[in-house]
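Single-structure report; data block below.
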Amino acid sequence: MTPYDMKHVAAKLVELHARSLDLAAEVVDTVRPEHLDLPSPCAGWTLRKLLEHVLGQQQGFAAAARGAGPDLALFADAPVGPDVAAEFRRTGAELTDAFREAAAAERALWLPEIRDGGPFPITQAVGFHLLDTLVHGWDVAAALGTADALVATVEADDALVGTLLKVTEAVPDTPEARAPGLAFGPGLEPGEGGGRFARSLALLGRDPLWKAAG
């Protein structure tokens, strides 16, 4: 693949990632203050904790895309303010701009939370965050009881759901990679009749049929 082709692939992936952010933002738009103490599919995390993690990751990936080194502090959880939807959209827009700049410059990213920290090629880094965006978007929607709508929308976008599954299948499913406290649990067997989004969730240790107890 020529350097031009690589840039083209990176640019297309960044726009798919922007699409994933738009879909997740539509979910976060529906979060109200009274929802923040709801349980989420992330074991032990309330919806507030999940959103703090998501905001921190968006800020950390943006810093990495602009050339920051392997500094874990850049990925720290960000407190949820009075308008979490606005914060999600602001940090998401900043991340999209940073990814576009990094793709144009063919800049690799240091991601200290992943394996040896990198540096990772821009396409791989964007793929990582696309997966995070859609899966955590589903986490938020599941906590709110609205996951079916997000799943249907993603499933209808062949390029987006295909990329999600491809990235998911590359995530190691070993005891070291799926230990308690890490991003993903041991993979589950995908149920019958589920689509590619449901398969991705199951491979990452999520139950696609998760509902809050009670």
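Say whether the condition of being part of a helix (DSSP H, G or I) and exposed (fewer than 14 other Cβ atoms within 10 Å of the Cβ) is met by at least one residue in the range 55-70.
Going residue by residue through the range 55-70, those that are part of a helix (DSSP H, G or I) are 55-65.
Right, trim to exposed (fewer than 14 other Cβ atoms within 10 Å of the Cβ) and you get none.
So far as the range 55-70 goes, no, none of its residues is part of a helix (DSSP H, G or I) and exposed (fewer than 14 other Cβ atoms within 10 Å of the Cβ).
Looking for something surrounded by 17 or more Cβ atoms within 10 Å (Cβ to Cβ), of a type outside the set (Ser, Thr, Tyr), at pLDDT 95 or above and part of a helix (DSSP H, G or I) - is there at least one such residue anywhere in the range 2-13?
Scanning the range 2-13 turns up at least one residue that is surrounded by 17 or more Cβ atoms within 10 Å (Cβ to Cβ), of a type outside the set (Ser, Thr, Tyr), at pLDDT 95 or above and part of a helix (DSSP H, G or I).
Which pairs do you get when a residue that is within 13 Å of Phe120 (Cα to Cα), found in the range 54-81, comes within reach of a residue that is assigned to a helix (DSSP H, G or I), reach meaning Cβ atoms under 6 angstrom, with the pair 6+ apart or on two chains?
Phe61/Leu95; Phe61/His129; Ala65/Ala98; Ala65/Phe99; Ala65/Ala102; Ala68/Leu74
Tell me, please, whether a residue that is of a type outside the set (Ser, Thr, Tyr), modelled with pLDDT of 95 or more and under 28 Å from Asp207 (Cβ atoms) can be found in the range 92-102.
Taking the range 92-102 and keeping what is of a type outside the set (Ser, Thr, Tyr), we get 92-95, 97-102.
Pick out the ones that are also modelled with pLDDT of 95 or more and you get 92-95, 97-102.
Still in the running and under 28 Å from Asp207 (Cβ atoms): 92.
Yes, because at least one residue in the range 92-102 is of a type outside the set (Ser, Thr, Tyr), modelled with pLDDT of 95 or more and under 28 Å from Asp207 (Cβ atoms).
Looking at the range 9-25, which of its residues are under 14 Å from Gln124 (Cβ atoms) and among the charged types (D, E, K, R)?
none
With respect to Ala108, determine if the residue is in contact with a strand residue (DSSP E or B) (Cβ under 7 Å, 6 or more places away or on another chain), of a type outside the set (Val, Ile, Thr), surrounded by fewer than 22 Cβ atoms within 10 Å (Cβ to Cβ) and closer than 26 Å to His8 by Cα. First the steps, then the outcome.
Values: in contact with a strand residue (DSSP E or B) (Cβ under 7 Å, 6 or more places away or on another chain): yes; of a type outside the set (Val, Ile, Thr): yes; surrounded by fewer than 22 Cβ atoms within 10 Å (Cβ to Cβ): yes; closer than 26 Å to His8 by Cα: yes.
So Ala108 passes the test.
Take the conditions in contact with a helix residue (DSSP H, G or I) (Cβ under 9 Å, 6 or more places away or on another chain), touching a residue at least 60 places away in the same chain (Cβ under 8 Å) and of a type outside the set (Ser, Thr, Tyr) and apply them to Leu188. Does it pass?
On the way: in contact with a helix residue (DSSP H, G or I) (Cβ under 9 Å, 6 or more places away or on another chain): yes; touching a residue at least 60 places away in the same chain (Cβ under 8 Å): no; of a type outside the set (Ser, Thr, Tyr): yes.
Taking the combined requirement at face value, the residue does not satisfy it.
Which members of the range 75-105 meet the condition of being aliphatic (A, V, I, L, M) and either buried (at least 18 other Cβ atoms within 10 Å of the Cβ) or under 16 Å from Thr133 (Cβ atoms) (or both)? Before the answer, list the steps.
To start, the set of residues in the range 75-105 that are aliphatic (A, V, I, L, M) comprises 76, 78, 80, 84-86, 93, 95, 98, 102-105.
Passing the criteria: Ala78, Val80, Val84, Ala85, Ala93, Leu95, Ala98, Ala102, Ala103.
The values are calculated or read from the model by the stated rules, or taken from the named source; none is laboratory data. The structure presented is a predicted model; accordingly, all values stated were derived computationally and were not measured. Here Cβ is always computed from backbone atoms with ideal geometry, including for glycine, and neighbour counts include all displayed protein chains.
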